[in-house]
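What follows is a short report on a single structure.
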Amino acid sequence: KPKGQSDISRIPMVASGEVVVQQKASCFPAVALNPPIGGVVIDACAAPGNKTSHVAALMQNKGTVFAFEQNERRAQLLREMMTLKGASIVQTKHMSFLDADPDDPQYADVTHIMLDPSCSSSGMSVTPEQDPKRLQELADDQTRLVLHAMRFPAVVAVCYSTCSVHELENEQVVRRILRGQSTFGLAPAMPWWPRRGHLLEPDRPGKEANRMVEQISQMVVRTSYPDDATIGFFLA
């Protein structure tokens, strides 16, 4: 039923943590990241933890998931939700992911990082954030988080996602990240999904800029409401 006309928490298996109900698009990040069973993974912006528990489930609850949340109340909620869902491999970190030292020995074996940071939520709002200054601030924060993730020494995959429809937070962030470092490239995300990214206007003359925007449009994932029966979403 439409939101507000049903209460899924009254379903016994949901209340007990055996079943997690989540938007279809919100299930994409963990699937796209494809975390290894028994591996070491970071969920950089974790609370309330549905995506975190999905990662732990895909890992068959073997290995370690470091889950970051800087708000104390939300961090406690995250701990409670992981206990309820039986995701015992999750270690909640009450701190900003940006304060995590990539050279700290406890993160030496982290190979996969999932990053679903604060965004405009424009893909799931009837009154989306439109203020250019605020959108630019969000995009700057998102870019900073992804570039920080790429500094962890053993990382081989970073999954970036938003529930935003704005190119500024999506394709343009990806372009800034590709230009901001030379270690990581763009991989085709979920190639079976039909809706791909927007084709940006090249930001400079030359074949390299044209190739980059074409690559981004082909390799990233978007969802559209209501056509895809889920919220508006982006993933790279």
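How many of the residues making up the range 103-116 are outside any loop (DSSP other than H, G, I, E, B) and closer than 30 Å to residue 12 by Cα?
Summing the residues that are outside any loop (DSSP other than H, G, I, E, B) and closer than 30 Å to residue 12 by Cα in the range 103-116 gives 1.
Name the residues in the range 213-222 that are open to solvent by 10 Å² or more (accessible area, probe 1.4 Å) and either touching an Asp or Glu at 6+ places or on another chain (Cβ under 9 Å) or closer than 26 Å to residue 126 by Cα (or both), would you?
217, 222
Which residues, counting only those in the range 133-178, are open to solvent by 60 Å² or more (accessible area, probe 1.4 Å) and without any contact (Cβ under 8 Å) to a residue 12 or more places away in the chain?
133, 137
Pairs under 9 Å by beta carbon, first residue modelled with pLDDT under 80 in the range 2-16, partner assigned to a helix (DSSP H, G or I) and surrounded by 11 or more Cβ atoms within 10 Å (Cβ to Cβ), six or more apart or different chains?
9/15
Mind counting the residues in the range 184-221 that are under 28 Å from residue 30 (Cα atoms) and touching a residue at least 12 places away in the same chain (Cβ under 8 Å)?
Residues flagged as under 28 Å from residue 30 (Cα atoms) and touching a residue at least 12 places away in the same chain (Cβ under 8 Å) within the range 184-221 amount to 23.
Does the range 103-131 hold any residues that are β-branched (Val, Ile, Thr) and open to solvent by 20 Å² or more (accessible area, probe 1.4 Å), and which are they?
111, 126, 127 - these are the residues of the range 103-131 that are β-branched (Val, Ile, Thr) and open to solvent by 20 Å² or more (accessible area, probe 1.4 Å).
Which of the residues belonging to the range 81-102 are in a loop (DSSP other than H, G, I, E, B), within 14 Å of residue 42 (Cα to Cα) and open to solvent by 50 Å² or more (accessible area, probe 1.4 Å)?
Listed by number, the residues that qualify are 94, 95, 101.
Taking the range 23-65, which residues are more than 15 Å from residue 117 (Cα to Cα), open to solvent by less than 10 Å² (accessible area, probe 1.4 Å) and free of Cβ contacts under 8 Å to residues at least 60 places away in the same chain?
Passing the criteria: 55, 56, 59, 65.
The values are calculated or read from the model by the stated rules, or taken from the named source; none is laboratory data. Remember, predicted model here, so these are calculated numbers, not experimental data. All Cβ positions, even for glycine, are placed from backbone atoms using ideal geometry, and neighbour counts span all protein chains on display. With ligands, DNA and RNA removed, areas are computed over all heavy atoms of the protein, side chains included. Shrake-Rupley method; radii C 1.70, N 1.55, O 1.52, S 1.80 Å.
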